[in-house]
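Right, one structure below, let's go through it.
The values are calculated or read from the model by the stated rules, or taken from the named source; none is laboratory data. What you see is a predicted model; the values in this text were computed from it and never measured. Don't worry about glycine lacking a Cβ; one is built from the backbone with ideal geometry, like all the others, and counts go over all protein chains shown.
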Amino acid sequence: MIEIRSIQDGDMEFVRANAFESAVKRYPELTAPADSFTCLFEGEIVAIGGVADLWQGVGEAWLMMTEQAKKHGIYGLIAFNTIERKMNELIVKHKHWRTEANVRADFPEAIKFIEAVGFEREGVRRKYTPDKCDMILYSRITDE
């Protein structure tokens, strides 16, 4: 069963230490914005994410997955729908008409996921990450 709860102390550290994408382990320390969530499958953390305000009406969606996500098939329909619903809830709550997301160009599973939840590719941010990986900028425009 998939469970979503508010992010707790230690969740970010767990995900960084057990990241689906190994490059994330070397990223600078991040602080989870307000309204961040943790996705659990059978009591194990498989992802954390949220939608942060950039400014009024515009936000940035983010999602970090764990190695446990591979083991449990986080891309399954139940997990996909649960994470999508939570992201949509946050977008509505914050009244965002534009939501952005950056996805590593070398992470095809994340590209499939972000496109499946309705984000459209806008461009490439070249050598954007600490390890100089390109990131693809996606956005989703929502009518209020």
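Summary table below
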{"item": "Residues within region 92-127 that are modelled with pLDDT of 95 or more, closer than 17 Å to residue 24 by Cβ and not in a strand (DSSP E or B), tallied", "result": "2"}
{"item": "Strands (runs of 3 or more DSSP E) contained in region 1-58 and holding at least 2 residues touching a residue at least 60 places away in the same chain (Cβ under 8 Å) and within 18 Å of residue 69 (Cα to Cα)", "result": "2-6"}
{"item": "Those residues of region 51-62 which are under 17 Å from residue 20 (Cβ atoms) and buried (at least 22 other Cβ atoms within 10 Å of the Cβ), in sequence order", "result": "61"}
{"item": "Single residue of 98, 85, 5 found to be under 19 Å from residue 135 (Cα atoms) and either surrounded by 15 or more Cβ atoms within 10 Å (Cβ to Cβ) or not acidic (Asp, Glu) (or both)", "result": "98"}
{"item": "Residue check, residue 24 at pLDDT below 90, touching a strand residue (DSSP E or B) at 6+ places or on another chain (Cβ under 8 Å) and under 19 Å from residue 128 (Cβ atoms)", "result": "yes"}
{"item": "Top-ranked residue in region 52-72 [being in contact with a strand residue (DSSP E or B) (Cβ under 7 Å, 6 or more places away or on another chain) and of a type in the set (S, T, N, Q); ranked as modelled with the highest pLDDT]", "result": "66"}
{"item": "Selected residue (criterion: surrounded by the most Cβ atoms within 10 Å (Cβ to Cβ)) from residues of region 101-118 that are within 23 Å of residue 143 (Cα to Cα) and under 12 Å from the mean Cα position of the chain (by Cα)", "result": "101"}
{"item": "Where a residue in region 124-143 is on the phi > 0 side of the Ramachandran plot and its partner, wherever it lies, is surrounded by fewer than 16 Cβ atoms within 10 Å (Cβ to Cβ), with Cβ under 8 Å and at least six apart", "result": "127/134"}
{"item": "Candidate set from region 1-21 (those that are within 20 Å of residue 110 (Cα to Cα) and among the small types (Gly, Ala, Ser)); member that is modelled with the lowest pLDDT", "result": "19"}
